[in-house]
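Notes to accompany the following structure.
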Amino acid sequence: EEDSEVAGLPGMVGKKVVVLHTDGTNVGGFLRSFDRQNNLLLSNCTERVFPKFEFSREDLEAELEYPPETEEESERLSQLCGVGNDDEKLVPLAGRMMVRGDCVAAVCEVVEGADWETDEFPRIFAYACAREAVAKKHRKFTGD
């Protein structure tokens with residue numbers, strides 16, 4: 001019987017995937033192998049690096065819904081996350097990369113014809129992770 005946590009991974013071996021880390025990091029590459037703890041082995045990797053996000057109190061309190069339900073929500077989300085800005089970069093990573101399973105938030109297969117380097121979801125995910133980290137620090141120091 002297949003472990004439910006890795007049920008979708010066998011069909012992705014040998015294919016290009018995007019790994020979203022729990023800290024908001026994004027790495028694209030070819031999935032070579034995985035194990036029952038969701039540890040992943042990737043090759044030909046590229047990291048998509050986003051600028052450091054700055055947060056106002058309103059940003060920390062804003063509701064983030066993905067996908068957005070209205071055009072107004074979509075515009076607000078894009079504005080918060082800086083979608084469409086040219087302030088990110090792609091960093092090629094040499095060799096193979098091992099990603100610990102407890103650091104993996106999601107693994108998404110890159111659909112043929114899609115370009116993960118320009119897709120907005122990884123930026124929104126990175127923003128949400130960074131915002132949550134800042135909110136945790138804020139709660140820790142203020143007792144909220």
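The values are calculated or read from the model by the stated rules, or taken from the named source; none is laboratory data. Since the structure is predicted, the reported quantities are computational estimates derived from the model, not experimental observations. The protein model used for the area step is the full one, side chains on, heavy atoms only, and it has no ligands, DNA or RNA in it. Shrake-Rupley method; radii C 1.70, N 1.55, O 1.52, S 1.80 Å.
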Open item on the list: Please list 3J(HN,Hα) in residue order for the range 42-47, calculated via the Karplus relation 6.51 cos²θ - 1.76 cosθ + 1.60 where θ = phi - 60°; whole Hz, with x for glycine and proline.
Closed with: 10, 9, 6, 8, 9, 9
Task: Amide hydrogen neighbours beyond the local backbone of residue 33, cut-off 5 Å, H modeled - done: 41
Task: Accessible area (Å², 1.4 Å probe, nearest 10) - residue 121 - done: 60
- [ ] Quick one: which residues, 5 or more positions from residue 45 or on another chain, have an amide H under 5 Å from its amide H? H modelled 1.01 Å from N in the peptide plane, none for Pro or chain starts.
- [x] 93
Open item on the list: Starting from 0.36 nm per residue, how many nanometres of slack lie between residue 22 and residue 135 once their C-alpha separation is accounted for?
Closed with: 39.2 nm
Task: Contour minus Cα-Cα distance for residue 33 and residue 79 (0.36 nm per residue) - done: 12.9 nm
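For residue 69 and residue 87, calculate 0.36 nm times their separation in residues minus their Cα-Cα distance, and state this gained length in nm to one decimal.
3.8 nm
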